[in-house]
Amino acid sequence: MLRLTDLKLPLDHGEAALAAAIARRLELEPGELTGYTIARRGYDARKRGAITLIYALDIDTPREAELLQRFADDAHVRPTPDTRYHFVAEAPPRFEHRPLVIGFGPCGLFAGLILAQMGFRPIILDRGKEVRERTKDTWDLWRKRNLHPESNVQFGEGGAGTFSDGKLYSQIRDPQHHGRKVLTEFVKAGAPEEILYVSKPHIGTFRLVTMVEHMRATIESLGGEIRFSQRVDDLLLEPRADGRQQIRGVTLASGEQLRSDHVVLALGHSARDTFEMLHARGVYVEAKPFSIGFRIEHPQSVIDRARFGPQAGHPILGAADYKLVHHGKGNQGGRGRSVYSFCMCPGGTVVAATSEPGRVVTNGMSQYSRNERNANAAVVVGIEPSDFAPYGEGPLAGIALQRALESHAFTLGGENYNAPAQLVGDFLAGRASREWGDVQPSYKPGVTLGSLDSALPDYAIAAIREALPAFERQIRGYAMHDAILTGVETRTSSPVRITRDDSLQSLNVRGLYPAGEGAGYAGGILSAAVDGIKVAEALALDMAKSRVRADD
């Protein structure tokens, strides 16, 4: 088959029009187009009222070889790439210790799945509960203000991505098409097939719950084992002749020890106590940049009209999203700061996402339908390790910064897990908010109106005040008076990186494979899942080589 890309048609075209456009583009005679499948479908909404769909298609025609030669200089006509997944290893008949995977979010899920599919029968450990019990515990905070520190938005089966918009797109380089493997497995587990071809696929929370359960069952059917409520509290390490250490297993909170020479560290970005343990045990950890800010809510209809104009509401387009960035000219803090939108959730809600008592953290969530009244997104400011100094020293100083901001947000909210909030108009004017306008907040368990000026460092407040009018110039209504800011958004990514080498192992602990968001190598469901696959492959190859060496 051949791949035809950048084929553009009007938004409201019929199936016959697509086939006719393919034939025109490739100069095919009637009957020479024997079939096609959609590889990707996106849209160009830069001209509101004249939105076009952009296709990449795999074409079946008996003239394939001739067409590839004729269009050899055309970058949009190429052989269809092989996106099938190819396993890199097969487990030997016998091995002394099964690999361990710590964490069962997207990264740990796919690391475990790939290892199971290759026959390595992994043992997967998660500090939280299975996804349905975890959902009940999460709702207990949202509805009754009862926090479960080991079972919440951050901890438990499916990871933080379970309570999100379920976005399945990323800007990572993926030459081996691991992302396609992720999407294919999701479809097998019950995701809609459209995620294989739409340009910005998403699933939503309710569907993710069932899919994660199906994938867990697949891992177990292949000999894998998943153990919930099993927090890892220590590593079993052994010195090596080269000055590094070798992983020999882990110690659980229960005191039980599990032996293994190969451990995937698929932590989430909120596993702060585990980061502290790793640092104390000498695992190389370094501070890394991340971002802090607020959640902003608008009526979804405002975003739809601004992005799609008269074609807002079209079923192919769905609820509109956006991606905004502003590079500051200079404000408090001594330099210009980048402010950008993050984790935009069309037709969704703002949710409580703390995992520690006495702290308030926000996040965004949408269902597959994206039909709630409000749109929400994080508006965040990039910060560097040099900004952490007032809060602590060393590689864990970013965690201290997060905790300080989250504790203060808890105080501003009234110390009952309410979040502090302010209308955008009042925030820009520098005055506290006293009453709601037309936009109603979606955050549960509740919000407390007031001023957000003390919720973030002064430089971050100044940067966001500078950015909001700039965003208004891109999306009309963005800086509307009644839009709502809710604080604080502090867990945009991990505040640390557990540094690894070219073999994807820890720099100074052999057999330990840091992976995913918590280790600082991913930022979202798809990129975390892809990193889990890469690490599983590296681990499997090392185990296969170890077996060969033992046999020799």
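Taken together, the values in this text are just the output of simple stated rules run on the coordinates, not laboratory data. This structure is a prediction, so every number in the text was calculated from the model and none was measured. Neighbour counts are summed over all protein chains in view; Cβ atoms, including those assigned to glycine, are modelled from backbone coordinates with ideal geometry.
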Taking every DSSP bridge whose two residues both lie in the chain, the antiparallel percent to the nearest 5 is 75
Based on the mean of other Cβ atoms within 10 Å per residue, sort peptides 358-370, 529-541, 4-16 so the most packed one is first. 529-541, 358-370, 4-16
What Kirkwood Rh does the stretch 415-548 have if only Cα atoms enter the pairwise 1/r average? Answer in Å. 18.4
I need the per residue convex hull volume for the stretch 289-489, using only the alpha carbons, in cubic angstrom as a whole number. 114
Let me know the charge dipole size of the chain about its Cα centre in debye, to the nearest 20, where only the beta-carbon of Lys, Arg (+1) and Asp, Glu (-1) is charged. 540
Quote the convex hull volume per residue of the stretch 222-301, based on C-alpha atoms, as a whole number of Å³. 204
Which three extents, in whole angstrom, do the alpha-carbon atoms of the stretch 2-79 cover along their principal axes, largest first? 39, 25, 18
Could you give the radius of gyration (one decimal) and Dmax (whole number) of the Cα atoms in the stretch 1-157, in Å? 24.7, 67
Among (i) 49; (ii) 41; (iii) 53, the value of percent of Cα pairs over 32 Å apart computed for this structure carries the label (i)
Applying the Karplus parametrisation 6.51 cos²θ - 1.76 cosθ + 1.60 with θ = phi - 60° to the phi angles of the stretch 348-357, what ³J(HN,Hα) value in whole Hz is obtained for each residue in order, glycine and proline being reported as x? x, 9, 8, 10, 6, 10, 6, 10, 10, x
So, by mean Cβ neighbours within 10 angstrom, what's the order for 447-456, 230-239 with the highest one leading? 447-456, 230-239
Can you compute 3J(HN,Hα) from phi for each residue in the stretch 86-95, using the Karplus curve 6.51 cos²θ - 1.76 cosθ + 1.60 with θ = phi - 60°, rounded to whole Hz and x for Gly and Pro? 10, 5, 8, 7, 9, 4, x, x, 9, 8
Between the stretch 417-486 and the stretch 175-211, what is the C-alpha centre distance in whole Å? 34
From the cross-link list K129/K288; K8/K329; K47/K167; K47/K444; K136/K200, the entries with a Cα-Cα span beyond 32 Å are K8/K329; K47/K444
